[in-house]
Amino acid sequence: MRASNKSEDIASIRKGIVRISVTAQVPDYSVPWNPGRITRGVGTGFLISGKRIVTNAHISSNARFIAVQKENDSRMYEAKVRFIAHDCDLALLEVPDKSFFDGMVPLSLGGMPSLDSTVTVLGYPIGGRRLSVTRGIVSRIDFRTYSHSAADSHLTIQIDAAINPGNSGGPVLQDNSVVGVAFQGFSGNVAQNVGYMIPVPVIKRFLTDIKDGQYDRYVDLSVSQFPLLNNAYRRAMGLAPGDYGVIVSSVLKTSPASRILRPGDVLLAIDGLPIFSNGYVKMGDERVRMEEVVERKYKGDSVRLKIIRDRNEIDVTIPLISPWPYLIHARRHDVKPRFVVFGGLIFQPLSYNFLRSSNIKDINIRYHSYNFINNELYLKTPEIVVLSKILPDPINVYLRGFVNSIVQKINDKNIRTLEDVSEAFKEPADYYVIRLLGKHRPVVLERKAVKEARERIIRGYGVLKEEYLGDSIVPADWLDVSLNRN
């Protein structure tokens, strides 16, 4: 900022910053029918054009009530989530009471700050009620996993200023313009004075995506690749010496790329940009990962690739989508736990949220989670269903050794999703034979006994609902494809 009028600049900028108080309800995956525990938190947001407030998704997730405050105004105004993007940790709030915006000044978006330049972070760290202003140096520009989803990696900017709870969602400024949104940092025992901000290209992508009235998530090429740095390998592939090209190691079968690319193809260029042998491309004056080209695309877009296959150079065009299998490794928000309760047995699909709620060490579950994509388990079993817990009752008390086992079959029905479990138990039968992976004998429930015990179990354990089948990561049309594969 210009030293000559720094105080005037800050005074104007402060008119666009808000303190956000959130009451949220976090789902309980260990007792999935429970509404969840109530939590309260504080964050920061800032006003942009159109009377919209930008903040982090992790501030707004699972919110039941949101209130915003302007500086030097004790009144709290109700706010609502208009759009939320969990994959890039951004959200847009709206305030129904238009008088809230009286006297406020929207902030403008700037560009990418350069390395070793100074930025200013504004927010309400550690729940403080007065605005905090800190400064830091841009120390790194890189791709990094966003902790909110724990599965999505995007462009990030590292600064040597700590990002503390309450700073999240606040603007990071340079030359009076927003160059980022503060969103995550390290605990003190990991790194000192290191924080991260979401840069403007990610913010602008989010704002462009929602112009049609909905957020469609990031698209993905759905290709794994590895560098071609080894000269012997390059010669074996028929490549000349040089710093170019990466080789395709796998292609996700749920993506359009699986109909066009093959493992062993060499990627030479993406949208006309040469791909270096470490998987980077040059955009402007910087070398960035080739994924950054796809990052700037939207649902319905495509990407052009120049490839070598069987030593022949060809051009291909690949439509881009948001592949669903990756969601098994994502921390999900604003969704309810999926489950089925039958005979005191609780069945749940394998997911990041489910694993985080339990200390599961079963090797089969760990294997299926880790290799769901790598070993293409989703092709036959789009949803891995686990016998997650037993509510002890005389009809099931002997079954405790089967907890945390993967369900393969119920009577004659192969279990591919949680819906299959629900349907299997609705089929008339005297006995339900449940076959579990890695168990040499099945679980057997007598229908008559289950029926007699139902009210006893529901009342005794306070089971509010016996199943919830919503919020699946598996698209309905993929279930038909998967069924035909089997």
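The values are calculated or read from the model by the stated rules, or taken from the named source; none is laboratory data. Since we're looking at a predicted model, the values are computed, not measured. Positions of Cβ are generated from backbone atoms using ideal geometry, with glycine treated the same way; all protein chains shown enter the neighbour counts.
In the stretch 134-145, the residues that are of a type in the set (D, E, K, R) form Cβ pairs under 8 Å with partners that are not in a strand (DSSP E or B), at six or more places apart or across chains, as follows: R135/A161; R140/L115. Within the stretch 440-486, restricting attention to residues that are among the acidic types (D, E) and at pLDDT below 95, the residue that is nearest to Q408 (Cα to Cα) is D480. Only one residue in I66, I53, I84 is surrounded by 16 or more Cβ atoms within 10 Å (Cβ to Cβ) and either of a type in the set (S, T, N, Q) or in contact (Cβ under 8 Å) with a residue 60 or more places away in the chain (or both), so which one is that? One residue alone meets the criteria, I84. Take the stretch 302-330 and flag every residue that is out of contact with any strand residue (DSSP E or B) (no Cβ under 8 Å at 6 or more places or on another chain), in contact (Cβ under 8 Å) with a residue 40 or more places away in the chain and loosely packed, with under 13 Cβ neighbours inside 10 Å. If the condition is that a residue be out of contact with any strand residue (DSSP E or B) (no Cβ under 8 Å at 6 or more places or on another chain), in contact (Cβ under 8 Å) with a residue 40 or more places away in the chain and loosely packed, with under 13 Cβ neighbours inside 10 Å, then R311 is the only one that fits. Within this structure, F347 passes the test of being surrounded by 19 or more Cβ atoms within 10 Å (Cβ to Cβ) and in contact with a strand residue (DSSP E or B) (Cβ under 6 Å, 6 or more places away or on another chain).
Considering the stretch 119-154, the residues that are small (G, A, S) and touching a Gly at 6+ places or on another chain (Cβ under 9 Å) include one that is farthest from R289 (Cα to Cα), namely G128. Of the residues making up the stretch 235-254, those that are within 14 Å of I307 (Cα to Cα) and not β-branched (V, I, T) number 6. Given the condition touching a helix residue (DSSP H, G or I) at 6+ places or on another chain (Cβ under 7 Å), touching a residue at least 12 places away in the same chain (Cβ under 8 Å) and either of a type in the set (S, T, N, Q) or surrounded by fewer than 20 Cβ atoms within 10 Å (Cβ to Cβ) (or both), answer yes or no: does some residue in the stretch 98-105 qualify? Yes, that holds for at least one residue. Sort out which residues of the stretch 218-243 are crowded, with 18+ Cβ neighbours inside 10 Å and not β-branched (V, I, T), and write them in order of number. Those that are crowded, with 18+ Cβ neighbours inside 10 Å and not β-branched (V, I, T): Y218, D220, L221, S222, Q225, L228, R234, L239. Every residue in the stretch 167-184 that is modelled with pLDDT under 90 and buried (at least 23 other Cβ atoms within 10 Å of the Cβ), please. Within the stretch 167-184, N167 is the sole residue that qualifies. Of all residues in the stretch 116-136, those satisfying the criterion of being surrounded by 15 or more Cβ atoms within 10 Å (Cβ to Cβ), over 20 Å from I84 (Cβ atoms) and not polar (S, T, N, Q) are V119, V121, L122, Y124, P125, L131, G136.
Every residue, every condition in (1) at pLDDT below 95; (2) of a type in the set (F, W, Y); (3) in contact with an Asp or Glu (Cβ under 6 Å, 6 or more places away or on another chain), yes or no:
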{"residue": "N312", "(1), (2), (3)": "yes, no, no"}
{"residue": "P337", "(1), (2), (3)": "no, no, no"}
{"residue": "V341", "(1), (2), (3)": "no, no, yes"}
{"residue": "Q348", "(1), (2), (3)": "no, no, no"}
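Within the stretch 123-164, being more than 17 Å from V178 (Cα to Cα) and part of a strand (DSSP E or B) holds for S139, R140, D142, F143, R144, T145, S153, H154.
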